[in-house]
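Quick notes on the structure that follows.
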Amino acid sequence: MTIKLGELLLLEHLITPDQLDEALKCQTIFGIKLGSSLIELGFITDEQLCRLLSSKLGVPAASSRAMSALSQEVISQVPAQLASKYRVVPIRLDGKKLALAMADPTDFKAADEVAFVTGFIIIPHVAPDVRITSALSEYYHVRGDVRYLMAEGELAKKQRIVPAQKAEKIVIPITNTDGELQHIEFPTEFEGFAAIPGYEDDHILATAGVQQYSADQLLQDFIAAGERDQIGSAFIRYLGRDFAASALFILRNHMAVGWCGATAEKRVAGLEALTIPLDTPSVMKEVNETGQFFIGTLEPFSVHSRLLKTLAVGFDATFLALPITMQKKAVAVLLVSGDRSAIETRLQELQNLARKASLAFEILILKNKILQT
């Protein structure tokens, strides 16, 4: 959508600037839509968002009632593959007209292709993305992204906003969606934001040999990242050169959720489907509760068995689990496996890179804020 949702919600007094800031952080870290982030945090309801988008875009709203009892006749008009590809759900059939729930009713390519395949005249209706996800799962059995399933579940309580700390500023040029060059400022140091336990030296230790993807290149990619997955991919690309296995997990809603990983320099398939509860014993639970890194072999817990199977390593493997923190709270865990002495030698470097990754998140959050207001 070309509409700036954050600015629109502020103008309508449906959220506060602090709530927008909090939602943008969750959007960036967890990789979900801004609207879904606001819904999950409990700042707005899906009905409020739906009514607002309907009014501003000039298209009918697909109410929760309309999407809660769809007939098989209506659902069968749009093939599952097409519905999943464009994230659309048919909700009503009226002669040659097909009402289509869409997260983005301005996606004319999607509407045109559905019209071509079905032979119907498409009448776009707007629905929050989290509602689309739920309907795709219920009616088409399309496996929902765990990030949105969490938003679909219980709403999180409003979190306390931590006041910004005074610090020196540096300026980054950002081109907004209108093509205008703007300059945003952010602190050179975010006190309490990216503190890594035991971290002191800011120097990145050099590794031996000629590297195809250097630490300097990694940091440049952190700075240039336009979305959170670019941060994760760059990190895993760097770690995949030297470690038998590496992975990133996001800590969210009492779960550690697989993000991205590599073994033998190849991406780990299916890692995003791996979830580890933070209320049962595991290395994730330990790192989350203590805020400290872990080095050693994993206990023979069932959750560790699933983790090791996904990463294709055995229980005798040595792991480093390192928290990535924001505002003194772990939001992600970096996991690497390899020779213990090699891990210990590079511990300070990995701590520093984890800190840089959290700073990259903050830069990305500020970029997103520019685009939403």
Restricting the stretch 39-69 to residues that are touching a Gly at 6+ places or on another chain (Cβ under 9 Å) and among the aliphatic types (A, V, I, L, M), the one surrounded by the most Cβ atoms within 10 Å (Cβ to Cβ) turns out to be Leu49
- Qualifying residue in the stretch 265-272 (condition: in contact with a Cys (Cβ under 7 Å, 6 or more places away or on another chain) and either in a helix (DSSP H, G or I) or within 20 Å of Arg252 (Cβ to Cβ) (or both)): yes
Just one listed residue, out of Glu299, Glu272, is closer than 30 Å to Leu34 by Cβ and of a type outside the set (A, V, I, L, M, F, W, C), and it is Glu272
Flagged in the stretch 243-298 as touching a helix residue (DSSP H, G or I) at 6+ places or on another chain (Cβ under 8 Å) and hydroxyl-bearing (Ser, Thr, Tyr), in numbering order, are Ser246, Thr263, Thr275, Thr280, Ser282
Scanning the stretch 324-342 residue by residue, those touching a residue at least 60 places away in the same chain (Cβ under 8 Å) and over 14 Å from Met284 (Cα atoms) turn out to be Met326, Gln327, Lys328, Ser337, Gly338, Ala342
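Going by what's in this entry, would Ile29 be described as out of contact with any Lys or Arg (no Cβ under 8 Å at 6 or more places or on another chain) and either buried (at least 21 other Cβ atoms within 10 Å of the Cβ) or in the same structural domain as Gly226 (by TED's automatic domain parsing) (or both)?
Details: out of contact with any Lys or Arg (no Cβ under 8 Å at 6 or more places or on another chain): no; either buried (at least 21 other Cβ atoms within 10 Å of the Cβ) or in the same structural domain as Gly226 (by TED's automatic domain parsing) (or both): yes.
Criteria not met by Ile29.
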Answer with yes or no whether Glu299 is surrounded by fewer than 21 Cβ atoms within 10 Å (Cβ to Cβ), among the charged types (D, E, K, R) and not in a loop (DSSP other than H, G, I, E, B).
-> no
Original post:
Restricting attention to the stretch 345-353, does a residue exist that is assigned to a strand (DSSP E or B), surrounded by fewer than 18 Cβ atoms within 10 Å (Cβ to Cβ) and aliphatic (A, V, I, L, M)?
Top reply: no
Within the stretch 70-106, residues being within 17 Å of Ile121 (Cβ to Cβ), buried (at least 16 other Cβ atoms within 10 Å of the Cβ) and small (Gly, Ala, Ser) number 2
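Step by step: first the residues of the stretch 26-38, then only those that are in contact with a Phe, Trp or Tyr (Cβ under 7 Å, 6 or more places away or on another chain) and in a helix (DSSP H, G or I), then the one that is nearest to Ile365 (Cα to Cα). Which residue is that? If you could, list the steps in order and put the result at the bottom.
The first filter runs over the stretch 26-38 and keeps only residues in contact with a Phe, Trp or Tyr (Cβ under 7 Å, 6 or more places away or on another chain), leaving 28-29, 32, 36.
Filter again for in a helix (DSSP H, G or I), leaving 28-29, 36.
Details: Thr28: 6, Ile29: 9, Ser36: 16 Å.
If we take residues in the stretch 26-38 being in contact with a Phe, Trp or Tyr (Cβ under 7 Å, 6 or more places away or on another chain) and in a helix (DSSP H, G or I), then Thr28 is nearest to Ile365 (Cα to Cα).
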For helices (runs of 4 or more DSSP H) lying entirely in the stretch 39-114, having 3 or more residues that are closer than 17 Å to Thr133 by Cβ picks out 46-57, 80-86
When (1) under 25 Å from Ala269 (Cα atoms); (2) more than 22 Å from the chain's Cα centre (by Cα) are applied to Glu344, the one that fails is (1)
If we ask which residues in the stretch 212-245 are out of contact with any Cys (no Cβ under 9 Å at 6 or more places or on another chain) and within 23 Å of Ala317 (Cα to Cα), their number turns out to be 9
Taking the stretch 123-143 and keeping only residues that are hydrophobic (A, V, I, L, M, F, W, C), in contact with a Lys or Arg (Cβ under 8 Å, 6 or more places away or on another chain) and surrounded by fewer than 23 Cβ atoms within 10 Å (Cβ to Cβ), one is left with Ile123, Leu136
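The values are calculated or read from the model by the stated rules, or taken from the named source; none is laboratory data. Values in this document were obtained by computation on a predicted structure and should not be read as measured data. Virtual Cβ from ideal backbone geometry, glycine too; neighbours counted across all protein chains shown.
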